[in-house]
Every structure is written in C-alpha cells, then in structure tokens.
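The block underneath contains the structure these notes are about, expressed in structure tokens.
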Amino acid sequence: MVGSNRFTQRLLKLWLPLLLYAIFLLFPFAWMLIVSIRPDQILLDTRINPFAIVNPTLENYRYLLQETQFPRWIWNTLVVTVGSTALSLACSILIGYALGRFRFRGGNSLGIAIFLLYLVPPTLLFIPLSQIVSRFGLYNSYWALILIYPTFLIPFASWLLMGYFRTISRELEDAALVDGATRLQAMTRIVLPLAIPGVLSAGIFCFTLGWNEFLYALVFMGSGDMKTVPVGVVSDLIRADVYFWGSLMAAGILGSVPVAIAYAFLVDSYVSGLTAGATKG
Amino acid sequence: MSVVTAEQGAEPGAIATRRGRAHFWEREAPLAYLFMVPGLLILLLFMAYPFFLGIYLSLTDKMVGFADFSFVGLDNYRLLLNDPVFHKTVANTLIYSFVTVPFKLLLGLGLALVLNQTFHFSRFVRAGLLLPWIVPTAISSLAWLMLFDSVLSPISWVLKSWGVIQTNINFFGDRWNAIGAICVANIWRGLPFFAISILAGLQAVSNELYEAAALDGANAFQRFMSVTLPVIRNIVLIATLFSIIFTFSDFQLIYVLTKGGPASSTHVFGTYAYQTMGFSALGQAAAIALSMFPFLALFAAILLRYIRAED
C-alpha cells in the first residue's frame, strides 16, 4: 500500500512531467530524423500519416554527402572553429590568469569590461565589420572568421578561466616562488597543469560557439564554396522557395552531432562555469 | 577583555605581512598588463574600432560599392522615426524578448525542479533535454520551419485529423501567426538554458533547512517560497537578463523562419539591418543596428548590478 503510494507520487512528480518536457523538447529532433529517412514521394503526399516511417531510405544522406557541398562546409567549419578556438584560448589563458591571480591597478574594471564585451551581440557590429573585413581583403577567407570569432570567444573564455584560476590554491604557487622559481615558471609548471580541466572545457565551449555561429559566417563567408555548415545548409539547400526537406533534415542531424557530443560531456561544468564565473566576478 | 588584547597584539604582525605582500604584488602589475595585450588587441581591432566606425557610418549616406559618400548628420535616424517598418521592428523585438521570458522562466523552473530529483540516467536525461539550446539555432530553426510549413506541417495534420480545423494553418501567412510561431521556437530553444542555470542554483539549497521547514508544517509551496526561492533568486535574475539580451539581439531564428516577412512585418533589429544592408544602404543599416544599443546598455547595466551584488 505504502509502496504503491510512493510509486504514484514518483510518477506524478517525476516521470510524467519528464515525459511531457521530453516530448516538447525532443519532438523537433524526432521530426528531423523521420523526415531525413523518408523518400520524397511519400514526404510530399499529404494523405499519408506524417509520423509513419514508410519505406525508410538513406537516399537523402547520400544526396547530401555526394551531390552537395556539405563535406566542404564541414571542412570549412572545422578550419574556422579550430583556428579561432586556438587563438581565443591562447589569449584567454593569459587574460584569465592575469585577472584571476594578479592584483594590479585597474584589474577589477578590466574584468567587468571583459564581461560587458561578452554581452555585445554580432548584430550590433556586423555592418561596420564588413567594411573592415573588405578593407583587409579578408572576404571569403578563413582568416576573416578566425580573427573575428575571438571577439565573442575571448570574453566568454577569459571569464570562465578567470573563475577557474581563482579556485587554484595560492600556496602552491607561493611555495614555488619561495623555492626560487620565477613567476613564469610557477605559472607554466604549477598552475597551468592544474588548470587543464578548465582550459579543456573553455576550449570545448569555444568550439561549440564557433560551430554554431551564423551571422558573421553568413556576411563574411556566405558565397561560393567557403560557407560554414549552418550557412550552407540554410542558403544552398533552400533555393528560391524550393525546399529539399529530406536533405535539409539530414544535414540538420549531421550538423548537430559534433556539438551534441561535445556538450554531452560538459553539461555540468558549463553551468558552473557560466554562473560561477558570472557570480564570482 | 583578554580576547581584545590578544587581537590587538596580533595586529602589527598582520600589517607587516600585508606590507610585505604589497611589495610583492607590485611586481605582478607589468606582467599582468603584458598578459592582456594579445587579447585586447583583437578586441580593440574587431570590437571597439567597428563600434565607433558603426557610429560614424550611421551618420553618413554610405552605399555598398560606392566610394563617395557624405556626412548627413542624424538624417538616417530621423528617417527611422518615420519608418513604419522600423516601428514594427521595435515592437516585434520587444514582444519577442519579453513575452517569451515568463514562459521560458516558469517552464525552465519546472524542468529544473523535476531534474533536481534523483533518478536513474539523470545525467543522460539532462544532456538530452539540453539539446535545443546547444545545437546550431540555424539548423534547429529549419525543423521548426517545416513543423510550421503551410502544406507539410504535422501540427496542421494532427489538428485536421482530430477535426479541430478544416484547412491547414498558415503559420507564416500573417504577422501575428508568424510572431506566435517565432516565439514558440524561441521558448523551445531558451527553456533548457533557464533549466540548467536554475538547476545549478538548486544544488545550493540546504536539505536541512528544507526538512526543518517541512517539520514545521510548511507545505510544498511555502517551502519553495521561503527556502528555495531566496537561494535561487539571483541566478534566476541573471539568467533572465542574459536571455533578454541574447533574444533581443537575435538574428538566426527569425532569419530562417520568416526573413522578416510577410511584408516586412516580423523583422527584429538584426534582420532589418541585414535586409537594409542587402539593399546596399550601409549608413541606414548601421543606424538600425545601433538603435539596439540604448536598450542593450540598459539591460547590461541592470545585469551588472546583480552580478556585483553577488560579491
């Protein structure tokens, strides 16, 4: 009696709401998957139940990988994302270290300024940036995005790393300094190795933010074969009101996989990074 | 008394150490500034410079592809004041960023409370339900584009087969339908962000306090109001302001779903500026984008107050 009562409570407080949330939050992904394995003639036949899986096929995936530029877009996105992540991490480790561990005049205000820069959206800057990009001759070049993505990656990663560096005990570093190590040696041999988990999560967040970026990629690399995945999918697989739904959804699935995997490992540290960094500033 | 004397006795020593430290920290300053240089160079060149260039452009009649242009003062802004599309753009952006907030907040709070229980595979479930927020928005918006398609929408199909409607809903056919659809997609994307932020805050709620309140006879709602809410209050406020700022300056979701249509009635600042730039009116487009700035500055100032209050 007591047992079944607990079961009912658990059902009402946990499993039922969880199911409702899952339906709402995961339905679009299920839909993408269903459409991506539907043959066209079935997809366009409105009499057929849209949720039924009839004659499933991988034709949409084959079309996407062989007859579109999709593999090239993946490559472009990788180059841009890895390049901008590496550049941002290098800059952010230095900034995060300085803000997190050094006391210097203006340090607090600089920390606040970096945080405020995180709030500056691409929509505010893309128009004048397009002038700068064309003046430097960077249109449709990887360098455009590798240099510009750090504008939103550095504030985020510096903020996160600043919080992380603060959690590392000072005594270890002081002990090394007393033992005659220089400040740089103490940093590279004592503090940085301890900060590797933080650097790793900052790197993965940079990667996913870069992978997902849309507006800058659309404006600065939106033509020819230099498109990134989100831009290529949106602008090449939809042509003048002709929607290639099957391959669009296949591209959606394949284009989401890298970030989904990256985040699956990092849900918890993301939250603590954002909120801890934000609240401990 | 003796305690006080002991403390006073300890003080000179503490001050001496602090003075020694002060000397020590002074040497950190040059290195600290040196460390800031590479990052600040990038931020100055690609953020500060374009920001001021944008202000300058917005005061000119610069066109894409023409070298000649002249200074026109506030003409571009004056034009916006009498531009019906811009009026709609301001209204849409405010509706989009504020009407969606209570939904994201309440649904996100609900999800956080559900996920805060212990159950099997909770890590896996948490990661799964976070998906809407982590996959590229441009891509997930394509799924919504099809879910809201005027012919192929499965929503219309289900409602028709239940006999609720006779013909398909034309989701993007008129302004309010389209704004409703956009808001639903935004709530879907933003809800998990609130959920995980609040979930992180919930970890700090003390179990003892909660049980004590239960023993005192407080019901679930009272316990939530008196024990849980004070702890998560600041995180909720910070998440809300983050969400408002990023929704206010959104681009991709609206670009993919409506491109500002029908008849330019669903633009937000970002898409309207992009479209205007497409018509090569660069000065005008810069003015549209910059119109976001006062709003953003206000939101950021409020956010900063809460974050400083946390110290």
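The values are calculated or read from the model by the stated rules, or taken from the named source; none is laboratory data. Note that this is a predicted model, so its numbers are computed, not measured. Note that each Cβ is placed from the backbone with ideal geometry, even for glycine, and that neighbours are counted across all protein chains shown.
Here are some notes:
- Qualifying residue in the range B:161-168 (condition: within 20 Å of B:Phe295 (Cα to Cα), touching a helix residue (DSSP H, G or I) at 6+ places or on another chain (Cβ under 6 Å) and either at pLDDT below 95 or among the small types (Gly, Ala, Ser) (or both)): no
- Criterion: within 24 Å of B:Leu53 (Cβ to Cβ), at the interface with chain A (Cβ under 8 Å from one of its Cβ atoms) and not acidic (Asp, Glu) - qualifying residue of B:Ser280, B:Ser249: B:Ser249
- When B:Leu303, B:Leu241, B:Leu237 are checked against the criterion of being closer than 22 Å to B:Phe103 by Cβ, under 19 Å from the mean Cα position of the chain (by Cα), within 8 Å of chain A (Cβ to nearest Cβ) and not aromatic (Phe, Trp, Tyr), a single residue qualifies: B:Leu303.
- With respect to the conditions (1) surrounded by fewer than 18 Cβ atoms within 10 Å (Cβ to Cβ); (2) at pLDDT below 90; (3) closer than 20 Å to B:Val37 by Cβ, A:Ala52 falls short on a single one, namely (3).
- Test: residue in the range B:182-199 that is crowded, with 23+ Cβ neighbours inside 10 Å, modelled with pLDDT of 95 or more and farther than 29 Å from B:Ile302 by Cβ: no
- From the options A:Ser109, A:Ser134, A:Ser130, A:Ser84, residue that is farther than 27 Å from A:Ala186 by Cβ, surrounded by fewer than 19 Cβ atoms within 10 Å (Cβ to Cβ) and among the small types (Gly, Ala, Ser): A:Ser134
- Members of the range A:127-142 found to be hydrophobic (A, V, I, L, M, F, W, C) and under 16 Å from A:Lys227 (Cβ atoms), listed by number: A:Val133, A:Leu138
- Of the residues making up the range A:34-49, those that are within 30 Å of the chain's Cα centre (by Cα) and either buried (at least 18 other Cβ atoms within 10 Å of the Cβ) or modelled with pLDDT of 95 or more (or both) are A:Val35, A:Ser36, A:Ile37, A:Arg38.
- Condition met for A:Leu65 (surrounded by 15 or more Cβ atoms within 10 Å (Cβ to Cβ) and modelled with pLDDT under 85): no
- For the range A:236-257, residues that are assigned to a helix (DSSP H, G or I), at the interface with chain B (Cβ under 10 Å from one of its Cβ atoms) and surrounded by fewer than 21 Cβ atoms within 10 Å (Cβ to Cβ) total 2.
- Test: B:Phe242 is of a type in the set (Phe, Trp, Tyr), out of contact with any Phe, Trp or Tyr (no Cβ under 7 Å at 6 or more places or on another chain), touching a residue at least 40 places away in the same chain (Cβ under 8 Å) and crowded, with 17+ Cβ neighbours inside 10 Å: yes
- Applying the criterion of being touching a residue at least 24 places away in the same chain (Cβ under 8 Å) and either within 13 Å of chain B (Cβ to nearest Cβ) or not small (Gly, Ala, Ser) (or both) to the residues of the range A:168-196, the residue that is surrounded by the fewest Cβ atoms within 10 Å (Cβ to Cβ) is A:Arg170.
- Given (1) basic (Lys, Arg); (2) under 30 Å from B:Leu241 (Cα atoms); (3) within 23 Å of the chain's Cα centre (by Cα), number of the condition A:Arg101 does not satisfy: (3)
- Any hit, the range B:177-191, residues being at the interface with chain A (Cβ under 10 Å from one of its Cβ atoms), farther than 26 Å from B:Ala127 by Cβ and either hydroxyl-bearing (Ser, Thr, Tyr) or touching a residue at least 60 places away in the same chain (Cβ under 8 Å) (or both): no
- In the range A:268-281, of all residues being under 17 Å from the mean Cα position of the chain (by Cα) and surrounded by fewer than 19 Cβ atoms within 10 Å (Cβ to Cβ), the one that is modelled with the highest pLDDT corresponds to A:Asp268.
- Scan the range A:150-167 for residues that are closer than 14 Å to A:Ala202 by Cβ, buried (at least 22 other Cβ atoms within 10 Å of the Cβ) and among the hydroxyl-bearing types (Ser, Thr, Tyr) and the total you get is 2.
One line per residue, one yes/no per condition, for (1) closer than 20 Å to A:Leu110 by Cβ; (2) among the hydroxyl-bearing types (Ser, Thr, Tyr); (3) part of a helix (DSSP H, G or I); (4) out of contact with any helix residue (DSSP H, G or I) (no Cβ under 9 Å at 6 or more places or on another chain):
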{"site": "A:Ser130", "(1), (2), (3), (4)": "no, yes, yes, no"}
{"site": "A:Leu145", "(1), (2), (3), (4)": "no, no, yes, no"}
{"site": "A:Ala157", "(1), (2), (3), (4)": "yes, no, yes, no"}
{"site": "A:Arg166", "(1), (2), (3), (4)": "yes, no, yes, no"}
{"site": "A:Ala181", "(1), (2), (3), (4)": "no, no, no, no"}
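- Lone qualifier among B:Thr60, B:Thr89, B:Thr93 - being over 13 Å from B:Phe269 (Cβ atoms), within 13 Å of another protein chain (Cβ to nearest Cβ), in contact (Cβ under 8 Å) with a residue 24 or more places away in the chain and in contact with a helix residue (DSSP H, G or I) (Cβ under 7 Å, 6 or more places away or on another chain): B:Thr60
- Counting only helices (runs of 4 or more DSSP H) that sit wholly inside the range B:60-143, those with at least 3 residues that are closer than 26 Å to A:Gly255 by Cα are B:122-129, B:131-134.
- Residues located in the range B:128-156, provided they are within 20 Å of A:Arg38 (Cα to Cα), in contact (Cβ under 8 Å) with a residue 12 or more places away in the chain and at the interface with chain A (Cβ under 7 Å from one of its Cβ atoms): B:Ser140, B:Leu142, B:Trp144, B:Val151
- Condition check for B:Ile254: under 21 Å from B:Phe193 (Cα atoms), more than 9 Å from chain A (Cβ to nearest Cβ), out of contact with any Pro (no Cβ under 8 Å at 6 or more places or on another chain) and modelled with pLDDT of 95 or more: yes
- Failed condition for B:Thr228, given (1) within 30 Å of B:Phe148 (Cα to Cα); (2) touching a helix residue (DSSP H, G or I) at 6+ places or on another chain (Cβ under 9 Å); (3) among the hydroxyl-bearing types (Ser, Thr, Tyr): (1)
- All helices (runs of 4 or more DSSP H) inside the range B:194-298 with 1 or more residues being small (Gly, Ala, Ser): B:207-215, B:220-223, B:229-248, B:269-278, B:282-290
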